[in-house]
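Some notes on the structure that comes next.
Since every read-out is calculated from the coordinates, none of them should be taken as a lab result. None of these values were measured; they are calculated from a predicted model.
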Amino acid sequence: MVIACVAVLGRKNNPLYLENFKEPPTPLKYSFLVHASLDVFETRGIQGGNVVSSSDLGLLYSLEDYLIYGYETRSSIKFVVVLDGDRAKDASGKVSRFFLSLNTAFTEAASNPFYEDGSKIESKSFASTVKRLVGEFS
């Protein structure tokens, strides 16, 4: 099980960070998969009319070759991970831990006084942290 793509989406579903970790790079394909997951976020994020607080939404949907997982913070920032490979039963636990680490990295990047809320994350530190987390996941 390998992470093919990691995405961070803003409050207005705008891409703040989208990185492809599979060769050859196919950013449009992963961009489509990530944005297709937004409907599932809306469906699962609202229960009884109340917005659920920070939560790991788990497996959003699966395709032939991909598993798409989602996490939404209390501030409506969404994390999406696209997994490529076999459908391992223990992936949920690993993905949950990945999301917690990604949330910490995002919080650190967003806390930078030079970061403008809602803009693309261009921090080299954030990118290297995500790359390290992806490497540890595999």
Check: Which of the following values of percent of Cα pairs over 22 Å apart was calculated from the structure shown: (i) 45; (ii) 32; (iii) 40?
Finding: (ii)
Check: Over the chain, what is the relative contact order in whole percent, taking alpha-carbon pairs under 8 Å and six or more residues apart?
Finding: 27
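Here are some pairs, 78/131; 12/131; 29/94; 94/120; 29/124; 22/94; which of them have Cα atoms lying more than 22 Å apart in this structure? Can you show the working numbers first?
On the way: 78/131 18 Å; 12/131 25 Å; 29/94 24 Å; 94/120 26 Å; 29/124 24 Å; 22/94 19 Å.
The pairs that break the limit, which is 22 Å between Cα atoms, are 12/131; 29/94; 94/120; 29/124.
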Checklist line | In order through segment 34-44: 3J(HN,Hα) via Karplus (6.51 cos²θ - 1.76 cosθ + 1.60), integer Hz, x for Gly, Pro | finding: 5, 5, 5, 6, 4, 4, 5, 4, 4, 5, 7
